[in-house]
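Below: one structure, written as structure tokens.
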Amino acid sequence: MEAAKQVDSKCRAEVGAEPRYFGKFLRGEIEADNLPIYKCYVKCVMNELNSLSHDGVYDIDEERQNIPPEILEEGHRIINKCKDTTGSDACDIAFNMHRCYHDADPELYRKVLHHWEERANA
């Protein structure tokens, strides 16, 4: 889907991330050497998907809209588990939120990211 490519381009430009960041984000890989950039990249993606405001306020209803239909029930379970995730700023909250999603169910997290990868490459 063209929208996923646009989100990637916008967010890379906004935070100064290299082209490989979208792939790393989709695979759930952590970029330790550039962690602040990576955290803000994840925040930007969540902003663009309307699930996190610029100041770090989480919108659970919007995030539910981002769950692929085939895993809706499991996705809701994880979102509910992670909805109270905190951090020192919006970038940290976004990063911690995705870490929570991953830690709650790594296989399901990979399925969701694979869904987004397919949309980005469509």
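Ranking Thr86, Ala4, Asn66 by how far each Cα lies toward the positive end of the dipole of the chain (charges on Cβ) leaves Ala4 at the top. Computed over the chain, the P(r) tail beyond 21 angstrom holds 31 percent of alpha carbon pairs. Our estimate of slack between Asp61 and His114, defined as 0.36 nm per intervening residue step minus the Cα-Cα distance, is 16.9 nm. For the range 2-121, the solvent-accessible area with a 1.4 angstrom probe is 53 square angstrom per residue.
Counting only protein heavy atoms and a probe of 1.4 Å, the accessible surface of the chain is 50% carbon and sulfur.
Could you work out which residue, out of Gly75, Gly23, Gly56, moves most in a Gaussian network model of the chain, that is, has the largest mean-square fluctuation with Cα springs under 10 Å? Its mean-square fluctuation being the largest, the pick is Gly23. Over 18 Å apart at the Cα level, from the set Lys24/Lys81; Lys43/Lys111; Lys10/Lys39; Lys5/Lys43; Lys10/Lys83, are Lys24/Lys81; Lys43/Lys111; Lys10/Lys83.
Simple point charges give the picture: +1 on the Cβ of Lys and Arg, -1 on the Cβ of Asp and Glu, and for the range 2-121 a dipole about the Cα centre of about 200 debye. Counted residue by residue at 0.36 nm each, then reduced by the alpha carbon distance between them, the extension gain from His76 to His54 reaches 5.6 nm.
The values are calculated or read from the model by the stated rules, or taken from the named source; none is laboratory data. Here the structure is a predicted model, which means the values were calculated and not measured. As a convention, Cβ positions derive from the backbone with ideal geometry for all residues, glycine included, and neighbour counts pool all protein chains shown. Each accessible area value is taken on the protein alone, full model and side chains, heavy atoms only, with ligands, DNA and RNA left out. Shrake-Rupley method; radii C 1.70, N 1.55, O 1.52, S 1.80 Å.
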